[in-house]
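Take a look at the structure set out below.
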Number of protein chains: 2
Amino acid sequence: MARFRIDLEYEGTRYSGWQVQPNARTVQGELFGAVERALNVRQYDVQGSGRTDAGVHALCQTAHLEARTSLAPPLLRQRLNDALPADINVLGVDRAPQSFHARHDAVARTYLYQVSRRRTAFGKRFVWWVKDPLQTRPMQAAARFLVGLHDFRSFTAASEAQTRVKLEEARIDEDGDLILIRLTASHFLWKMVRQVVGVLVEVGRGRLPPQQIQTWLGTFSPEPAKLTAPPSGLFLERAWYPGEKRASDSRPLLRV
Amino acid sequence: MARFRIDLEYEGTRYSGWQVQPNARTVQGELFGAVERALNVRQYDVQGSGRTDAGVHALCQTAHLEARTSLAPPLLRQRLNDALPADINVLGVDRAPQSFHARHDAVARTYLYQVSRRRTAFGKRFVWWVKDPLQTRPMQAAARFLVGLHDFRSFTAASEAQTRVKLEEARIDEDGDLILIRLTASHFLWKMVRQVVGVLVEVGRGRLPPQQIQTWLGTFSPEPAKLTAPPSGLFLERAWYPGEKRASDSRPLLRV
């Protein structure tokens, strides 16, 4: 069996998330089908760096593929793309060591959330349009409270035992009418990014003081769940592997 | 009756073009419905600077609205947007003199065509993805032949008597994997932009010499029609009115 690293982008709108499920269209399920058709194999595995929820996109998701094939990576990439629907696109294929595991080996993930301050005819699938005026300064102040090792039990839909997460970066950039929120951590809890974004936007609206976010770190509150941001604005921007330089990207989307 | 200038953007994917038609979803038809609901009127008119075909988008289409209303322009804009589907967005509303006519008064139109040299998960609706390698230099050389007053009878699907058009600008910019083709003229013939783009891309592929375009200006050829580019990559970028400064925009799309 040969092992490959696969980097891919996808528009999540039509999918019930990454993870393969019976009777639902998922990104992993589409990859399974593409591998079967492109390589004519039945024994293979495709694992991603992590799951994305229904409607969530990826600018660069990383997966490993294990399959019996002698195809060179560029041809494998082309074959997979020919077999995939238009909203899933393999950006690159590289040979990987047998030990490479997209989920276990990833040391961090960066998520990008796009908030739009204007209605847009082209971007509905890719932004959360917030009608109320938003002030980014208090949002940035609130974001600073998030960085570091904290208990994010107020910011997840999961009833996980371990809710401590070390957030490496929480960055808020403006680009015209867009507000770009980027969070980087070794791992994220279920719905954590969307609940954090929902609270940050509430701060930007002036309905919550930035310090509120500090209060909710450690002391459980059901409020962040009620503010959960919609999936349309969320992108897995990148999974990071050992030795990769963490270059922060502040370019806006979508350059197609 | 009051008269307004309306600037709007739309994603044309779901529409059978601009022009209202029975039994078809059109942008003008959606505007009619929005005006009726937003203003609760039955007597009104909405005319655009020109038609766009099925699947063609607009970054900025200009229209005039005539209706009996005392709403201030910002509120009118909001009401219209509340009544419009998400893929049509009114960018601005201004009071206009009674004599203002969006089509008759426009002195020029600029169209943008986006060719992508890579497959993209997000951009299928907004580009023409060309798999073959494209050289922009010969495309630019071919584009220079287009500028000026020429007979474009080879570059239209219409059987119009008058096929002479003065092309003011034909500009080709690269932005990463995108090739942005912009054409400006006082008016365009039916399907002219898409046929010109189809020929330019054929030149970029190396299958036609740039001089071929010169041959087809004036001497009728059925070839450009066969090369017609798909509507997905085409945007009405702007209609120009007297006194407006013609600032060329070279920014790429889509900044949402």
> Counting only residues that are more than 20 Å from the chain's Cα centre (by Cα) and away from chain B (no Cβ under 11 Å), how many does the range A:81-92 have?
Replying inline: 1
> Somewhere in the range B:234-248, is a residue touching a Leu at 6+ places or on another chain (Cβ under 9 Å), part of a helix (DSSP H, G or I) and open to solvent by less than 10 Å² (accessible area, probe 1.4 Å)?
Replying inline: no
> So which residues in the range A:57-80 are away from chain B (no Cβ under 13 Å), open to solvent by less than 40 Å² (accessible area, probe 1.4 Å) and not small (Gly, Ala, Ser)?
Replying inline: A:Thr62, A:His64, A:Leu65, A:Thr69, A:Leu71, A:Pro73, A:Leu76
> Going by the conditions given, is B:Ser159 hydroxyl-bearing (Ser, Thr, Tyr) and farther than 20 Å from B:Gly12 by Cα?
Replying inline: yes
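If you scan the range B:136-195, which residues turn out to be in a loop (DSSP other than H, G, I, E, B), in contact with a strand residue (DSSP E or B) (Cβ under 7 Å, 6 or more places away or on another chain) and either more than 19 Å from B:Trp240 (Cβ to Cβ) or of a type in the set (A, V, I, L, M, F, W, C) (or both)? Full working, then the answer.
Going through the range B:136-195, the residues in a loop (DSSP other than H, G, I, E, B) turn out to be B:147, B:152, B:156-163, B:176-177, B:186-191.
In the following step, the residues that additionally are in contact with a strand residue (DSSP E or B) (Cβ under 7 Å, 6 or more places away or on another chain) were identified as B:147, B:152, B:163, B:177, B:186-189.
If the condition is that a residue be in a loop (DSSP other than H, G, I, E, B), in contact with a strand residue (DSSP E or B) (Cβ under 7 Å, 6 or more places away or on another chain) and either more than 19 Å from B:Trp240 (Cβ to Cβ) or of a type in the set (A, V, I, L, M, F, W, C) (or both), then B:Val147, B:Phe152, B:Thr163, B:Asp177, B:Phe188, B:Leu189 are the ones that fit.
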>> Could you check the range A:71-130 and list, in sequence order, the residues that are assigned by TED's automatic domain parsing to the domain that holds A:Gln61 and part of a helix (DSSP H, G or I)?
In response: A:Pro73, A:Pro74, A:Leu75, A:Leu76, A:Arg77, A:Gln78, A:Arg79, A:Leu80, A:Asn81, A:Asp82, A:Ala83
>> Name the residue that is least open to solvent (accessible area, probe 1.4 Å), counting only residues in the range B:39-56 that are over 25 Å from B:Pro73 (Cα atoms) and hydrophobic (A, V, I, L, M, F, W, C).
In response: B:Val56
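Residues are listed down the side, and each one gets a yes or a no for (1) surrounded by 21 or more Cβ atoms within 10 Å (Cβ to Cβ); (2) within 14 Å of chain A (Cβ to nearest Cβ):
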residue	(1), (2)
B:Val115	yes, yes
B:Gly123	yes, yes
B:Asp132	no, yes
B:Gln135	no, no
B:Leu146	yes, no
>> I need every pair where a residue in the range A:137-166 that is more than 16 Å from A:Gln212 (Cα to Cα) has its Cβ under 9 Å from the Cβ of a residue that is part of a helix (DSSP H, G or I) and open to solvent by 40 Å² or more (accessible area, probe 1.4 Å), sequence separation at least 6 or different chains.
In response: A:Thr156/A:Ala225; A:Ala157/A:Ala225; A:Glu160/A:Arg153; A:Thr163/A:Arg153; A:Arg164/A:Arg153
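Scan the range A:2-20 for residues that are in a loop (DSSP other than H, G, I, E, B) and on the phi < 0 side of the Ramachandran plot and jot them down. It would help to see each step written out before you state the result.
Residues of the range A:2-20 that are in a loop (DSSP other than H, G, I, E, B), as a first pass: A:11, A:15-20.
Matches in the range A:2-20: A:Glu11, A:Tyr15, A:Ser16, A:Trp18, A:Gln19, A:Val20.
Within the range B:21-51, work out how many residues are of a type in the set (A, V, I, L, M), in a loop (DSSP other than H, G, I, E, B) and either out of contact with any strand residue (DSSP E or B) (no Cβ under 9 Å at 6 or more places or on another chain) or touching a residue at least 60 places away in the same chain (Cβ under 8 Å) (or both).
So in the range B:21-51, the residues of a type in the set (A, V, I, L, M) come out as B:24, B:27, B:31, B:34-35, B:38-39, B:41, B:46.
So of that shortlist, the ones also in a loop (DSSP other than H, G, I, E, B) come out as B:24, B:41.
Within this subset, residues satisfying the condition of being either out of contact with any strand residue (DSSP E or B) (no Cβ under 9 Å at 6 or more places or on another chain) or touching a residue at least 60 places away in the same chain (Cβ under 8 Å) (or both) are B:24.
Counting residues in the range B:21-51 that are of a type in the set (A, V, I, L, M), in a loop (DSSP other than H, G, I, E, B) and either out of contact with any strand residue (DSSP E or B) (no Cβ under 9 Å at 6 or more places or on another chain) or touching a residue at least 60 places away in the same chain (Cβ under 8 Å) (or both) gives 1.
Restricting to the range B:1-20, and then to whatever is in contact (Cβ under 8 Å) with a residue 40 or more places away in the chain and among the β-branched types (Val, Ile, Thr), can you tell me which residue is farthest from the other protein chains (Cβ to nearest Cβ)? First the steps, then the outcome.
Our first condition is that a residue be in contact (Cβ under 8 Å) with a residue 40 or more places away in the chain; within the range B:1-20, this holds for B:1-15, B:18.
After this cut, where a residue has to be among the β-branched types (Val, Ile, Thr) as well, the list is B:6, B:13.
Working: B:Ile6: 14, B:Thr13: 10 Å.
Step by step, filter the range B:1-20, then rank; the result is B:Ile6.
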> Is it true that A:Gly48 is out of contact with any Gly (no Cβ under 7 Å at 6 or more places or on another chain), modelled with pLDDT of 95 or more and within 13 Å of another protein chain (Cβ to nearest Cβ)?
Replying inline: no
>> Could you tell me how many of the residues in the range B:167-208 are of a type in the set (Val, Ile, Thr) and without any contact (Cβ under 8 Å) to a residue 40 or more places away in the chain?
In response: 1
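Would a scan of the range B:96-107 turn up a residue that is touching a helix residue (DSSP H, G or I) at 6+ places or on another chain (Cβ under 7 Å) and either open to solvent by less than 50 Å² (accessible area, probe 1.4 Å) or not polar (S, T, N, Q) (or both)? Talk me through it step by step, then tell me what you get.
Step one: list which residues in the range B:96-107 are touching a helix residue (DSSP H, G or I) at 6+ places or on another chain (Cβ under 7 Å), which gives none.
Checking the range B:96-107: not a single residue is touching a helix residue (DSSP H, G or I) at 6+ places or on another chain (Cβ under 7 Å) and either open to solvent by less than 50 Å² (accessible area, probe 1.4 Å) or not polar (S, T, N, Q) (or both).
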> Taking the range B:178-233, which residues are open to solvent by less than 20 Å² (accessible area, probe 1.4 Å) and in contact with a Pro (Cβ under 8 Å, 6 or more places away or on another chain)?
Replying inline: B:Leu178, B:Leu180, B:Gln195, B:Val196, B:Gly198, B:Val199, B:Val203, B:Gly204
> Quick one: B:Glu169 ticks every box in (1) within 16 Å of the chain's Cα centre (by Cα); (2) crowded, with 16+ Cβ neighbours inside 10 Å bar one, so which box is it?
Replying inline: (2)
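Using the structure shown, decide if B:Val20 is open to solvent by less than 20 Å² (accessible area, probe 1.4 Å) and among the aliphatic types (A, V, I, L, M).
Details: open to solvent by less than 20 Å² (accessible area, probe 1.4 Å): no; among the aliphatic types (A, V, I, L, M): yes.
Spelling it out, it is not the case that B:Val20 is open to solvent by less than 20 Å² (accessible area, probe 1.4 Å) and among the aliphatic types (A, V, I, L, M).
The values are calculated or read from the model by the stated rules, or taken from the named source; none is laboratory data. Fair warning: this is a prediction, and the values are worked out from it, not measured in the lab. Using ideal geometry, Cβ is built from the backbone for each residue, glycine included, and neighbour counts are taken over all protein chains shown. Areas reflect the complete protein model, heavy atoms only, side chains present, ligands, DNA and RNA absent. Shrake-Rupley method; radii C 1.70, N 1.55, O 1.52, S 1.80 Å.
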